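The values are calculated or read from the model by the stated rules, or taken from the named source; none is laboratory data. Note that the structure is a prediction, hence the values are computed from the model and not measured. When we count neighbours, we look across all protein chains shown, and the Cβ atoms used for this are built from the backbone with ideal geometry, even at glycine.
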Amino acid sequence: MKVRRLTGDDAAALREIRLEALALHPTAFSADPDVESAFPLARWREHLEARIWFGVFADGALVGINAFSTESYSKKTAHVAHLGAMYVREAARGSGAADALMTNFLDYAKGKAEQIVLTVEAGNSRAMKLYVKHGFEVTGRKPRSMKVDGTFYDEFEMWRTV
């Protein structure tokens, strides 16, 4: 298993895994699959330039992703990194892929941020367990933060220092 930063050459693979994540787990992500599926490949390359994306590979195939971003436009919030788009394909769950992605993300954040925040759907106990294992704590609950097919879902906001 290998984790590395994704590049423009990975745009098609990123698009495939991201659309899979949005389709299979609509309550886990705030992104809209109808919107993202309409993006041309060039837009996915732009995604790779706008954010720092990491991928974990098993036998040469992309099996998981996450993204690092900061609000560098404001020196008041530049110390805060955001963990987003965390996803591991079903076949790779339990293989250590999620831990490898998280460890890589946290290593990357050192010296680039002082704290990390994320949101997670309140019913996603598997993701919560992973984040707690890596030192995240719940700071609050965002009621009804997403509405999918007429049903509201809460999210927890979590944080940790780097």
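Remarks
- Residue match in segment 6-20 (condition: within 19 Å of Leu130 (Cα to Cα), buried (at least 16 other Cβ atoms within 10 Å of the Cβ) and not polar (S, T, N, Q)): no
- With respect to the conditions (1) at pLDDT 95 or above; (2) surrounded by fewer than 11 Cβ atoms within 10 Å (Cβ to Cβ); (3) basic (Lys, Arg), Lys133 falls short on a single one, namely (2).
- Segment 31-78: number of residues that are in contact with a strand residue (DSSP E or B) (Cβ under 7 Å, 6 or more places away or on another chain), of a type outside the set (A, V, I, L, M, F, W, C) and modelled with pLDDT of 95 or more: 3
- Within the set Ala91, Ala98, the sole residue that is touching a residue at least 12 places away in the same chain (Cβ under 8 Å), in contact with a helix residue (DSSP H, G or I) (Cβ under 6 Å, 6 or more places away or on another chain) and among the small types (Gly, Ala, Ser) turns out to be Ala98.
- In this structure, Ala91 does not qualify as assigned to a helix (DSSP H, G or I), at pLDDT 95 or above and crowded, with 19+ Cβ neighbours inside 10 Å.
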